[in-house]
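What follows draws every value from the coordinates through simple rules; no lab data is involved. These numbers were taken from a predicted model, which means no experiment stands behind them. Here the Cβ positions follow ideal geometry from the backbone for every residue, glycine too, while neighbour counts run over all protein chains shown.
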Ligand SMILES: Nc1ncnc2c1ncn2[C@@H]1O[C@H](COP(=O)(O)OP(=O)(O)O)[C@@H](O)[C@H]1O
Ligand SMILES: [Mg+2]
């Protein structure tokens, strides 16, 4: 089920990340989509922050493809930009991370050929509307999507 929200600034993006952090569990995945500069890495930093990592330590894994962080549960941050179309998570060694109880944040998830790993990924598509404004389209499992909100969250 899809829902759209307007993010008026970075603070809204942080609120979104905080709300998303409540759904994190080992073996689940966020599929992040959107153009360069949309805010996929930024959202990941905020997510890591609410799971116990200093967001300053989180950087784009563009060259190394996968970064791992000592969050709770541990986070595997994957960027498929350089892998390109037809990206295969098994080839990238995802099995090891699954066995070790990681959850996954995958930038450029549109490059995944087929997803035979994650039953209910949380897809987050970010569109640039302005300097700080973003449109975010969440495609979540139905039971979650119906109730999901973050605008009313405390900072
Ligand atoms: N509301 C917002 N949400 C996310 N990023 C924003 C927002 N407003 C401005 N930005 C800026 O946009 C840039 C997004 O970059 P980044 O997260 O690296 O994009 P991507 O990973 O999608 O290529 C950052 O410099 C960030 O500070
Ligand atoms: Mg990025």
Q | Virtual spin-label span in nm between residue 110 and residue 82, 7 Å along Cα→Cβ | A | 2.1
Q: For the stretch 28-126, calculate the relative contact order in percent as a whole number, restricting contacts to Cα pairs under 8 Å that are 6 or more residues apart.
A: 42
Q. How much length is gained if the chain between residue 91 and residue 128 is pulled fully straight, taking 0.36 nm per residue apart and subtracting their Cα-Cα distance, in nm to one decimal?
A. 10.2 nm
(Q) If I model a spin label at residue 149 and residue 23 as a point 7 Å from the Cα along the Cα→Cβ vector, what separation in nanometres do I get? (A) 1.7
**Q.** Over the chain - Rg/Rh using Cα atoms and the Kirkwood inverse-distance radius
**A.** 0.93
(Q) Can you tell me what share of the DSSP beta bridges in the chain is antiparallel? A percent to the nearest 5 is fine. (A) 55
Q) For residue 68 and residue 5 in one chain, what is 0.36 nm times their gap in residues minus the Cα-Cα distance, to one decimal in nm? A) 19.8 nm
Q.
Please report the spacing between the Cα centers of the stretch 43-87 and the stretch 124-140 in Å, no decimals.
A. 19
